[in-house]
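Worksheet: the structure to be examined is printed underneath.
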Amino acid sequence: MALGLVILSLALVTVYFRESSGGALHEAQRIAVSILTPFEVAAERVARPFQDAYGWTTDLLSAKDENEELQKEVEALRQQVVANETAAQENEELKELLQFVRGKEFPDDFDHVATRVLIQPQTVFRHEVVVAAGSSDGVRVDDPVVTPEGLAGTVTEVTPNSAKVRLITDPQSAASALVLETQAAGIVLRGPSDESLDLDRVAKTARVEPGNIVVTSGARVGKYESLFPYGIPIGLVESVSQRDVDLFKRIQVAPLVDFDSLHEVVVLVEKRRKG
Amino acid sequence: MTPADALKATGLLLLVALLQVSWATPIEVGSGHPDLVLVTLVGLALLRGPLFGTIAGFWAGLALDVASLGTLGLSSLLLTPAGYWAGRFGEGTTRSSPYPPLVAVALGTVWLGLGSAIVHFMLGEGASASTVLGGVLVPTLALNLLLAYPVYRLLRRIFPVAARERREVILV
């Protein structure tokens, strides 16, 4: 029995990988997810204050010079603070999103779908999140996902009311990019650590300096257009080096988005398509 | 395996999978999270044996992959053997002792951590060994061990062990 189910699991993994995103297993999963999503939304809403309380507690534990009297006071106010902070933080994040979508830097050809992150990355191997907006909101596969700080990732799977987003820090992510100050072009890929990015394929002759801003290039190569519109900030150049044996510069980029506290995001939906 | 047990376990594991993706994953120590699904599965398998553990492991994995929009079958691949082994382990130990849950959860966590690293590596999604061992496995192990006994106690209430069976196990 155990062996049979292990083989069945292997068969599921194999078929899931081999079939297209419109295949039978993907479709079955989408149906199941659309049934589960309302429960996940509810669980996320209930969990949010507890998550904030947990974050608050860990911050508190790491503070060394805490005064005892203050700690008592803080303890008494803890529940109230957590509730207030949750509401205020959500409010702040929504305000930021609103300013961002109304701002000049928001791409003209795109509409926005503001949504919450339902599920945080589940393993260190895949940097993916699930958001609470899906095909019924106009979200499609390959839609860019941003925050007011910059590029977060792309949509890789869509169900009627949720979508999976592959973050830019995932090993399988890539974005054509350029250095804003010098227009040096390259490709942004995951860097050596979880929280860093590399700007690859930048010619050794190009001028790039630490502190330069890296943005999406919105490049078009032949009939292939970049998934990302021009000018979405990605990160700041942290270090630049080059060796004689390398073909390109080695550029490390610090992402602008804080992926550890990704709660609210905006999915960019093309106006042409929506219309 | 009675139909009532099967129904209870099906609902419970689905609920635990939902709790895992929305509640447990954001609780991060290092890069590790408490693995509610594994701890519950191990508890169920200890109480109900390898056949129950095997089926429960498969179902739990499926529920987890669906709830997180993950690769279908990947979690089942690792949780099915975990359920089976925990069941076998439970058959040879007394069910009133606190040690079997701790030992089985520890072994299950190591199996799941290393197994998932190998499977993801084979799928071309590697992470550094120091991240997997130090960052994920050690904190996850500590968190799971903290949960192991309370969850097991709770499961014993939901899935009581028959008095005769308990006596037989103690006699063995």
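The values are calculated or read from the model by the stated rules, or taken from the named source; none is laboratory data. Not measured: the values here are computed from a predicted model. Using ideal geometry, Cβ is built from the backbone for each residue, glycine included, and neighbour counts are taken over all protein chains shown.
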Fill in the blank from the handout: Of the residues in the stretch B:27-56, those that are free of Cβ contacts under 8 Å to residues at least 40 places away in the same chain and part of a loop (DSSP other than H, G, I, E, B) come to B:GLU28
Practice task
Looking only at the stretch A:195-209, decide whether some residue is surrounded by fewer than 20 Cβ atoms within 10 Å (Cβ to Cβ), assigned to a strand (DSSP E or B) and touching an Asp or Glu at 6+ places or on another chain (Cβ under 9 Å).
Solution key: no
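Please work out if B:ALA4 is surrounded by fewer than 24 Cβ atoms within 10 Å (Cβ to Cβ), small (Gly, Ala, Ser), free of Cβ contacts under 8 Å to residues at least 60 places away in the same chain and under 25 Å from A:THR156 (Cα atoms). It would help to see each step written out before you state the result.
On the way: surrounded by fewer than 24 Cβ atoms within 10 Å (Cβ to Cβ): yes; small (Gly, Ala, Ser): yes; free of Cβ contacts under 8 Å to residues at least 60 places away in the same chain: yes; under 25 Å from A:THR156 (Cα atoms): no.
It is false that B:ALA4 is surrounded by fewer than 24 Cβ atoms within 10 Å (Cβ to Cβ), small (Gly, Ala, Ser), free of Cβ contacts under 8 Å to residues at least 60 places away in the same chain and under 25 Å from A:THR156 (Cα atoms).
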Fill in the blank from the handout: Note on B:VAL103: of the conditions (1) aliphatic (A, V, I, L, M); (2) within 13 Å of another protein chain (Cβ to nearest Cβ); (3) within 19 Å of B:VAL138 (Cβ to Cβ), unmet is (2)
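Condition (residue is closer than 16 Å to A:PHE106 by Cβ and not in a strand (DSSP E or B)) applied to the stretch A:235-254: is it met by at least one residue? I'd like the intermediate steps shown before the answer.
Step one: filter the stretch A:235-254 for residues closer than 16 Å to A:PHE106 by Cβ, giving none.
The answer is no; no qualifying residue exists.
Test of understanding: among A:ILE168, A:ILE187, which residue is within 29 Å of B:TRP23 (Cα to Cα), touching a Lys or Arg at 6+ places or on another chain (Cβ under 9 Å) and not small (Gly, Ala, Ser)? Spell out how you get there, then give the answer.
Values: A:ILE187 fails: within 29 Å of B:TRP23 (Cα to Cα).
Criteria check complete, one pass: A:ILE168.
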Exercise for the section: State which residue is farthest from the other protein chains (Cβ to nearest Cβ) when the search covers only the stretch A:11-26 and only residues that are at pLDDT 85 or above and in contact with a Ser or Thr (Cβ under 9 Å, 6 or more places away or on another chain). Expected result: A:HIS26
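Go through the residues of the stretch B:33-41 one by one and say whether even a single one is within 9 Å of chain A (Cβ to nearest Cβ), under 20 Å from A:ARG48 (Cα atoms) and surrounded by fewer than 24 Cβ atoms within 10 Å (Cβ to Cβ).
The answer is yes, given that some residue of the stretch B:33-41 is within 9 Å of chain A (Cβ to nearest Cβ), under 20 Å from A:ARG48 (Cα atoms) and surrounded by fewer than 24 Cβ atoms within 10 Å (Cβ to Cβ).
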